[in-house]
1. Test each condition in (1) open to solvent by less than 50 Å² (accessible area, probe 1.4 Å); (2) charged (D, E, K, R); (3) closer than 28 Å to residue 181 by Cβ; (4) in contact with a Lys or Arg (Cβ under 8 Å, 6 or more places away or on another chain) for residue 114 and report the one that comes out false.
2. When you scan the range 67-93, how many residues do you find that are open to solvent by less than 90 Å² (accessible area, probe 1.4 Å) and assigned to a helix (DSSP H, G or I)?
3. If you go through the range 171-179 one residue at a time, do you hit one that is open to solvent by 30 Å² or more (accessible area, probe 1.4 Å) and among the aliphatic types (A, V, I, L, M)?
4. Collect the residues in the range 1-33 that are open to solvent by less than 50 Å² (accessible area, probe 1.4 Å) and among the aliphatic types (A, V, I, L, M), keeping them in residue-number order.
5. Please verify whether residue 204 is open to solvent by 70 Å² or more (accessible area, probe 1.4 Å), in a loop (DSSP other than H, G, I, E, B) and either at negative phi or modelled with pLDDT under 95 (or both), treating the condition exactly as stated.
6. Residue 120 passes all but one of (1) under 16 Å from the mean Cα position of the chain (by Cα); (2) modelled with pLDDT under 95; (3) outside any loop (DSSP other than H, G, I, E, B); which number fails?
7. Quick one: in the range 34-66, of everything that is part of a helix (DSSP H, G or I) and among the polar types (S, T, N, Q), which residue is most open to solvent (accessible area, probe 1.4 Å)?
Amino acid sequence: LGWDFLPPGSERYEYDGKIFAGYKDSPMFWEKGSEPKKINWYAGKQYDDCFGAAHEVLDNFDEQFPHWKGRGFEIVGFVWWQGDKDRYSKAYAERYELNLVKLIQELRKEFKAKDASFVMATLGQTDKDNCKGNEKLILDGMMNVGKTDKVSTVYSHPLSKGGASNSHYGGNAETYMNIGEAMGKAMVELNENRTIDVRRLEGPEP
């Protein structure tokens, strides 16, 4: 979130004598007072690639989903399960909460879904009672943001069956099922009072 998925509008900042990239900057960081030498990647590229692909589908909804032609769509929520790469950098871990808030704001604005709910899950290996350092910074950031309006955080440690985020939890399907189900329930709870246009679900009028 501090580099690959850095949200649009994020600015450069100084940390420990280095300048860290803002959105579209390259490289990841450079010494203060020096000129940055670009690499074949930039801050936020994965954000652009990922959500650019989503736009390609949604902007051609009738073509992509001909069986739902004319019904349109409504984005009522986003889910986010990430944080592994940020835990290897104190600079990123310390800004995780700030970047997370920015991500939610930008996604709601970009997809014209200002009231969309947002559900995130913590890293499965992070035990809230025994974590420290960068992992604690990321966990605390998620928990803090999860207390805000229309946002919920799933504490996933009790749901994980072992392994860690950097090894994809050993490929254990039960871990993914447990956490996915918990995130789904959290999303339902956030949206339980939302009014849905039933006519849209039934399709266009003749």
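1. Looking at each condition in turn, residue 114 falls short on (1).
2. Selection size over the range 67-93: 5.
3. Yes, there is a match, as at least one residue in the range 171-179 is open to solvent by 30 Å² or more (accessible area, probe 1.4 Å) and among the aliphatic types (A, V, I, L, M).
4. 1, 6, 19, 21
5. Numbers: open to solvent by 70 Å² or more (accessible area, probe 1.4 Å): yes; in a loop (DSSP other than H, G, I, E, B): yes; either at negative phi or modelled with pLDDT under 95 (or both): yes.
Judged against the criteria, residue 204 is a match.
6. Exception for residue 120: condition (2).
7. By that ranking, first place goes to 64.
Residues checked against (1) among the β-branched types (Val, Ile, Thr); (2) over 25 Å from residue 178 (Cα atoms); (3) touching a strand residue (DSSP E or B) at 6+ places or on another chain (Cβ under 7 Å):
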{"position": "85", "(1), (2), (3)": "no, no, no"}
{"position": "92", "(1), (2), (3)": "no, yes, no"}
{"position": "102", "(1), (2), (3)": "no, yes, no"}
{"position": "121", "(1), (2), (3)": "no, no, yes"}
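The values are calculated or read from the model by the stated rules, or taken from the named source; none is laboratory data. No experiment lies behind these values; they were computed from the predicted model shown. Note: ideal-geometry Cβ built from the backbone for every residue, glycine included; neighbour counts use all protein chains shown. With ligands, DNA and RNA removed, areas are computed over all heavy atoms of the protein, side chains included. Shrake-Rupley method; radii C 1.70, N 1.55, O 1.52, S 1.80 Å.
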